[in-house]
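To start, the structure under review is shown below, and the notes come after it.
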Amino acid sequence: MVQITVLTNVYNEEYLMPFWLEHHRKIFDHGIVFDWGCTDRSMDIVREMCPTWEIRKAIDSHPSKRLEKFDAYENDVLFMYAEMKLSGYKIVLNTTEFLVSSKPIREYLADETNKSYPLQSLTVLSRKDVQEPTTLRELFDGIECVERKIRKWRTLHSHYHGQYSLGRHEITLHPYEIPPVYILWLGMYPWNTRLLARGLQIAEKIPESDYENNISYHHRFTAEQRTKNRLFMLDLSVPLTEVPLLSEALL
């Protein structure tokens, strides 16, 4: 059976990490977690919940340099370098990204190399002022609507590596098929002080060179800007029923 591996970046993701791991350990055969110098319990949570997954120090995992900061371009190189050593299917997800499907994803995948499946990203939202889920079930049940046009794609593939463009959001490999499998983006849900805090603290990890090149600028958004962006996304949102098989995928 072909292996399916998820790769991810982590910097102080203690809040979302338990939800993310509980969900994805049932989907993927293996995971590789790049630790960007966490100072909270993120890596302890990985060890406790997914003891067979790999933890790698991001600073030492790039093929040609030490990554002191979260350089957007060099981070994509890091992931492609890691993918080159993996067989089977692989996908890179952030801790705010949850892959969902109404049936096991293996049922959509060809048992071959050099296949690529673009997956649509959806911004998930709730109209409640504050959401405080404590379980994965509560997390999914609290989703009320989605914005489906602004966020771009992620790719699940069995190529040598993903040939990623900056940020990994573009379709750079020839698609074999686009299945009804979605990437839920939890950058604005569950809306509470802990989610806001996790977003605000990432700014310190971004190099000035990225900001100077107008890359990763969203990491500098203030709490007020993030609140305004959420309201904007809510105005653009649609019910879950307007996305094929999404409601079933959340069951």
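Just one of the listed residues (167, 162, 199, 187) is in contact with a Gly (Cβ under 8 Å, 6 or more places away or on another chain), of a type in the set (Gly, Ala, Ser) and within 30 Å of residue 115 (Cβ to Cβ), namely 187. The residue of segment 15-27 that is nearest to residue 189 (Cα to Cα), among those that are free of Cβ contacts under 8 Å to residues at least 40 places away in the same chain and either assigned to a loop (DSSP other than H, G, I, E, B) or of a type outside the set (A, V, I, L, M) (or both), is 18.
Filtering segment 87-99 for residues that are touching a helix residue (DSSP H, G or I) at 6+ places or on another chain (Cβ under 6 Å), of a type outside the set (A, V, I, L, M) and over 27 Å from residue 203 (Cα atoms) leaves a non-empty set.
Looking for something more than 30 Å from residue 86 (Cβ to Cβ), at pLDDT 95 or above and buried (at least 16 other Cβ atoms within 10 Å of the Cβ) - is there at least one such residue anywhere in segment 213-228? Within segment 213-228 (the criterion being more than 30 Å from residue 86 (Cβ to Cβ), at pLDDT 95 or above and buried (at least 16 other Cβ atoms within 10 Å of the Cβ)), the answer is yes, since at least one residue qualifies. Criterion applied to 177, 144 was being under 23 Å from residue 251 (Cα atoms) and either in contact (Cβ under 8 Å) with a residue 12 or more places away in the chain or crowded, with 20+ Cβ neighbours inside 10 Å (or both), and the one residue passing it is 144.
Here is a yes/no grid of residues against (1) in a loop (DSSP other than H, G, I, E, B); (2) touching a residue at least 40 places away in the same chain (Cβ under 8 Å):
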site: 39; (1), (2): yes, no
site: 45; (1), (2): no, no
site: 70; (1), (2): yes, yes
site: 81; (1), (2): no, yes
site: 95; (1), (2): yes, yes
site: 99; (1), (2): no, yes
site: 103; (1), (2): yes, no
site: 117; (1), (2): no, yes
site: 129; (1), (2): yes, yes
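When each of 135, 193, 155 is tested for being touching a Gly at 6+ places or on another chain (Cβ under 8 Å) and either free of Cβ contacts under 8 Å to residues at least 24 places away in the same chain or not acidic (Asp, Glu) (or both), the lone residue that passes is 155. A residue that is touching a strand residue (DSSP E or B) at 6+ places or on another chain (Cβ under 8 Å), of a type outside the set (S, T, N, Q) and either surrounded by 15 or more Cβ atoms within 10 Å (Cβ to Cβ) or closer than 28 Å to residue 24 by Cα (or both) occurs nowhere in segment 197-210.
Hey, can you tell me all the residues within segment 22-47 that are touching a strand residue (DSSP E or B) at 6+ places or on another chain (Cβ under 8 Å) and hydrophobic (A, V, I, L, M, F, W, C)? If the condition is that a residue be touching a strand residue (DSSP E or B) at 6+ places or on another chain (Cβ under 8 Å) and hydrophobic (A, V, I, L, M, F, W, C), then 27, 28, 32, 33, 34, 36, 38, 43, 46 are the ones that fit.
Scan segment 179-212 for residues that are hydroxyl-bearing (Ser, Thr, Tyr) and either part of a loop (DSSP other than H, G, I, E, B) or closer than 29 Å to residue 156 by Cβ (or both) and the total you get is 2. Residues in segment 233-246 that are surrounded by 13 or more Cβ atoms within 10 Å (Cβ to Cβ) and farther than 16 Å from residue 99 by Cβ: 6 in all.
Just one of the listed residues (156, 184, 166) is within 30 Å of residue 109 (Cβ to Cβ), at pLDDT 95 or above, aliphatic (A, V, I, L, M) and touching an Asp or Glu at 6+ places or on another chain (Cβ under 8 Å), and it is 184. Taken as a whole, the condition of being buried (at least 19 other Cβ atoms within 10 Å of the Cβ) and in a loop (DSSP other than H, G, I, E, B) applies to residue 151.
The values are calculated or read from the model by the stated rules, or taken from the named source; none is laboratory data. Bear in mind the structure is a predicted one, so any value in this text is a computation, not a measurement. Glycine gets a Cβ as well: all are built from the backbone with ideal geometry, and neighbour counts include every protein chain shown.
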